[in-house]
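Okay, structure first, notes after.
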Amino acid sequence: MSVEPDSTRGGGVSPSSDLAPLPTGWGVPLSLALLAGPVIATMVSRTVMSFADFAMVSRLGEEATAAIMPAGISVWCMICFGFGIISVTNTFVSQSLGKGEHAECSRYTWQGLYLAAGLGLIALPAWWLAPSFFALADHAPEVQRLEVIYFRVSLFGVMPAVAANVVANFFTGIHKPSIGLFAAVTANAFNIAANYVLIFGKLGFPAMGIAGAAWATAAASLLQVAILLAVWLGPGYARAFASRASWRPSWSRIKRIVRVGMPVGVQFESDIFGFTVFTVFMVGEYGTQQLAANNLVFKFLEIAFMPVVGLSIALSSAVGKAIGEGQHGYARLVVRWAVGGALVYMLAIGAVYLVFRYELPGLILENPSAEVIRWSATLFILCALFEVFDAFGITMTGALRGAGDTFWPGMTTFVLSATVFMGGGFAMMHFAPQLESVGPWLAATAFICAYAVVVSLRWWYGPWEKIDLFADGKTAAAAQVGESAVVVEPA
């Protein structure tokens with residue numbers, strides 16, 4: 001296969017004879033839409049699943065409505081460091097695809113699965129810590145009891161959920177996201193049906209309440225990973241990507257995943273830990289009604305940002321493949337289109353929040369109280385304000401991750417979460433207690449806006465074009481923190 005120099009900024013090499021011509025003009029957003037569409041649909045289907053959980057559990061009463069989000073976000077907080085690490089399998093798969101090294105796509109997927117198994121096992125001992133943890137929040141006794149129940153059952157779904165994400169990253173990385181979509185939609189449809197059966201006790205099953213929602217989600221994750229593994233290990237992908245033959249553990253590849261994924265893990269952990277503290281210890285301080293309003297608004301936020309997260313994941317794959325081919329200029333072009341699309345979408349969502357802020361609570365809650373509606377409406381105004389910044393923050397993070405530039409987003413999240421988000425949130429509680437839960441929400445808004453500015457500047461002016469994920473760790477790390485680095489092609 002011949003190679004030719006890339007004329008765009010950043011240099012490198014581009015394999016010429018085996019690649020289709022790059023899209024131009026309107027073909028660029030069209031190709032991105034074809035890649036992103038199934039990923040966005042997958043994220044929307046996950047949002048529908050979470051929304052269904054919340055809506056069905058809310059029928060159990062205000063205490064269950066207040067309990068489900070602190071419990072769910074606490075599980076996510078516990079595992080998100082490892083989850084962030086394995087998320088970069090998408091980057092390794094897409095860049096390997098761009099280099100034409102198909103077997104490497106499966107080798108990195110297997111290493112991600114081994115890491116996912118370890119993460120699931122590490123999570124299980126938290127079963128015994130749950131009562132003490134939720135007692136620290138000092139929520140109402142019934143809310144605490146329900147939080148512990150949901151948290152404990154959810155631990156059994158950690159391993160299949162993370163493993164499903166790894167294999168879905170493989171399909172997104174090779175630009176076949178429709179397979180991940182099929183698995184997600186099937187699993188989520190199963191989850192909704194299982195919710196109805198297990199929460200309310202249908203078809204001869206006992207009514208399990210909030211525990212039924214957790215069991216349904218765990219079972220749905222198991223179904224999803226089973227579907228993905230069946231396709232990935234099937235004869236077609238076994239021939240094209242050596243999915244069956246590449247199962248052997250590889251310490252060097254695991255080290256690469258951990259090296260690049262560690263900052264992402266820090267980013268995920270800082271972000272989710274901040275929102276866990278925010279939900280459990282800040283907003284929870286102001287009572288069940290404000291906590292219920294907070295949880296309700298977060299569910300609507302998922303509708304807003306999950307499609308953009310889907311676009312960001314697809315963008316990582318597009319950028320990764322372009323860099324694997326040596327086409328850095330095309331990577332910049334596709335990012336500009338992605339940011340434009342995200343902005344238009346987020347502006348529309350913000351307008352909906354402003355116009356219908358008093359009507360939205362009634363779409364989930366059955367006869368919501370006047371206090372829950374009032375607090376929700378106030379929080380929707382803040383959501384509308386930071387949506388534009390969130391569009392930049394999420395898409396630019398995906399672009400940087402596709403290039404393997406994970407250090408700066410991770411450290412930025414860590415610093416801003418500790419200072420602006422949590423530090424600012426507790427400061428608002430102390431110095432402006434009359435604002436109640438709006439005070440911490442103002443700090444959260446400032447955090448989202450500041451992060452978006454930093455990562456946007458990092459993409460436009462940063463040294464991501466010098467990073468080679470497959471070089472030795474010292475060289476790659478130098479490029480991550482902005483030092484001079486030599487691009488090394490693997491043998």
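The values are calculated or read from the model by the stated rules, or taken from the named source; none is laboratory data. Every value quoted in this text rests on a predicted model; they were computed, and no experiment measured them. Positions of Cβ are backbone-derived with ideal geometry, glycine not excepted, and every protein chain shown enters the neighbour counts. For accessibility, only protein heavy atoms count, side chains too; no ligands or nucleic acids. Shrake-Rupley method; radii C 1.70, N 1.55, O 1.52, S 1.80 Å.
Table: residues versus (1) over 21 Å from the mean Cα position of the chain (by Cα); (2) surrounded by fewer than 19 Cβ atoms within 10 Å (Cβ to Cβ); (3) modelled with pLDDT of 90 or more.
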residue: Gly284; (1), (2), (3): yes, no, no
residue: Glu325; (1), (2), (3): yes, no, no
residue: Ala338; (1), (2), (3): no, no, yes
residue: Arg357; (1), (2), (3): yes, no, yes
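When you scan region 95-107, do you find a residue that is in contact (Cβ under 8 Å) with a residue 40 or more places away in the chain, of a type in the set (Ser, Thr, Tyr), farther than 22 Å from Leu223 by Cα and out of contact with any strand residue (DSSP E or B) (no Cβ under 9 Å at 6 or more places or on another chain), even just one?
yes
Being in a helix (DSSP H, G or I), of a type in the set (A, V, I, L, M, F, W, C) and either touching a Ser or Thr at 6+ places or on another chain (Cβ under 9 Å) or open to solvent by 10 Å² or more (accessible area, probe 1.4 Å) (or both) is true for just one of Leu469, Leu400. Which residue is that?
Values: Leu469 fails: in a helix (DSSP H, G or I).
When all the criteria are applied, what remains is Leu400.
Given (1) aliphatic (A, V, I, L, M); (2) touching a residue at least 12 places away in the same chain (Cβ under 8 Å); (3) in a helix (DSSP H, G or I), identify the lone condition not met by Ala245.
(3)
For residues that are of a type in the set (S, T, N, Q) and farther than 23 Å from Met208 by Cβ, scanning just region 29-55, find the one that is modelled with the highest pLDDT. Steps first, answer last, please.
Taking region 29-55 as the starting set, the residues that turn out to be of a type in the set (S, T, N, Q) are 31, 42, 45, 47, 50.
The next check asks that each one be farther than 23 Å from Met208 by Cβ; those that pass are 31, 42, 45, 47.
Working: Ser31: 85, Thr42: 80, Ser45: 76, Thr47: 72.
So, considering only residues that are of a type in the set (S, T, N, Q) and farther than 23 Å from Met208 by Cβ, the one modelled with the highest pLDDT is Ser31.
Just to be sure, is Val372 assigned to a helix (DSSP H, G or I), open to solvent by 40 Å² or more (accessible area, probe 1.4 Å) and either among the hydroxyl-bearing types (Ser, Thr, Tyr) or within 26 Å of Lys299 (Cβ to Cβ) (or both)? Full working, then the answer.
Values: assigned to a helix (DSSP H, G or I): yes; open to solvent by 40 Å² or more (accessible area, probe 1.4 Å): no; either among the hydroxyl-bearing types (Ser, Thr, Tyr) or within 26 Å of Lys299 (Cβ to Cβ) (or both): yes.
No; evaluated as a whole, the condition is false for this residue.
Does region 69-76 contain at least one residue that is farther than 20 Å from Ala218 by Cβ, at pLDDT below 90 and either open to solvent by less than 30 Å² (accessible area, probe 1.4 Å) or touching a Cys at 6+ places or on another chain (Cβ under 6 Å) (or both)?
No: region 69-76 contains no residue that is farther than 20 Å from Ala218 by Cβ, at pLDDT below 90 and either open to solvent by less than 30 Å² (accessible area, probe 1.4 Å) or touching a Cys at 6+ places or on another chain (Cβ under 6 Å) (or both).
Go through (1) under 17 Å from the mean Cα position of the chain (by Cα); (2) hydrophobic (A, V, I, L, M, F, W, C); (3) surrounded by fewer than 22 Cβ atoms within 10 Å (Cβ to Cβ) and name the single condition Val167 misses.
For Val167, the failing item is (3).
Here is a yes/no grid of residues against (1) without any contact (Cβ under 8 Å) to a residue 12 or more places away in the chain; (2) among the polar types (S, T, N, Q); (3) outside any helix (DSSP H, G or I):
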| residue | (1), (2), (3) |
| --- | --- |
| Leu222 | no, no, no |
| Leu229 | no, no, no |
| Pro249 | no, no, yes |
| Ile254 | no, no, no |
| Thr279 | no, yes, no |
| Ser317 | no, yes, no |
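So, in region 425-444, of the ones that are open to solvent by less than 20 Å² (accessible area, probe 1.4 Å) and not aliphatic (A, V, I, L, M), which residue ends up farthest from Leu382 (Cα to Cα)?
Gly425
Return yes when Gly350 is in contact with a Cys (Cβ under 8 Å, 6 or more places away or on another chain), assigned to a helix (DSSP H, G or I), of a type outside the set (Phe, Trp, Tyr) and within 30 Å of Leu442 (Cβ to Cβ) and no when it is not. Steps first, please.
On the way: in contact with a Cys (Cβ under 8 Å, 6 or more places away or on another chain): yes; assigned to a helix (DSSP H, G or I): yes; of a type outside the set (Phe, Trp, Tyr): yes; within 30 Å of Leu442 (Cβ to Cβ): yes.
Considered against the rule, which asks whether it is in contact with a Cys (Cβ under 8 Å, 6 or more places away or on another chain), assigned to a helix (DSSP H, G or I), of a type outside the set (Phe, Trp, Tyr) and within 30 Å of Leu442 (Cβ to Cβ), Gly350 comes out as yes.
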